[in-house]
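Data block below; observations after.
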Amino acid sequence: DYRPVSRKAGEPVVDLEPFVVSAERIHDPGLLAVFGLYEHDVGDDAEARVFLEKAAKAGMVRPMAHLVLAQLRQTDAVAKPLGKDGKLSTKQADFILEPVKVALRTSAMAEAWDLTVDTLARCEVLPSSADIEIIVAGVSKFPRDTSLALRTAQLCIQAGIPARATELIDKSLPFVPDEDTKKKFRTLRAALSASADPG
């Protein structure tokens, strides 16, 4: 943003000088979200985080702003994990996913489920069966996002719920665009079938 420098009356030239927009001076959650997303787009994630954290506390409703805030929180948490064996702690995972849940109340976004799956896969505590059911229901709405389906299937296996992994694989396999990915799906599917066969 720019404002004109004061000039004597009658002078035709008006110079512009930059001025800094501070989150401390803004209270409207929508405007805070706009500035937060702008700072993120131009690569200043530290400043974006300041705007978006304040916007979230003020009750912003923009789903993408909540998602970006969650991404920034995850980046910070992954850099300093507090769980066992270099994993995220449950508290860190909950903090990351808090804005994701808000975003999903008003908008179904594959990116939000992708971040959810990635965060839970990094957490020291595996998701519960109830959490898996919610995640699978959300991810199933995007069968063409085969990368998301594969990672979610792997999370289901880690959580000890192979039936949901099989469901995701079968639903997404027809949409896999390349042979290498198809091979990964089929290998995982075959392993699930073998483990389910008591013989």
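The values are calculated or read from the model by the stated rules, or taken from the named source; none is laboratory data. Fair warning: this is a prediction, and the values are worked out from it, not measured in the lab. Quick reminder, even Gly has a Cβ in these numbers, built from the backbone with ideal geometry, and neighbours come from all protein chains shown. With ligands, DNA and RNA removed, areas are computed over all heavy atoms of the protein, side chains included. Shrake-Rupley method; radii C 1.70, N 1.55, O 1.52, S 1.80 Å.
Summary table below
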read-out	value
Any hit, the range 80-94, residues being in a helix (DSSP H, G or I), farther than 24 Å from Arg164 by Cα and among the basic types (Lys, Arg)	yes
Count of the range 111-138 residues which are open to solvent by 20 Å² or more (accessible area, probe 1.4 Å) and of a type outside the set (Asp, Glu)	11
Extreme residue, modelled with the highest pLDDT, among residues of the range 12-52 that are assigned to a loop (DSSP other than H, G, I, E, B), over 15 Å from Val68 (Cβ atoms) and open to solvent by less than 80 Å² (accessible area, probe 1.4 Å)	Ile26
Residue within the range 58-73 that is part of a helix (DSSP H, G or I) and without any contact (Cβ under 8 Å) to a residue 12 or more places away in the chain present	no
For Phe95: the one exception among (1) within 24 Å of Leu32 (Cβ to Cβ); (2) open to solvent by less than 50 Å² (accessible area, probe 1.4 Å); (3) aromatic (Phe, Trp, Tyr)	(2)
Criterion violated by Ile161 - all others in (1) without any contact (Cβ under 8 Å) to a residue 24 or more places away in the chain; (2) farther than 19 Å from Ala112 by Cβ satisfied	(1)
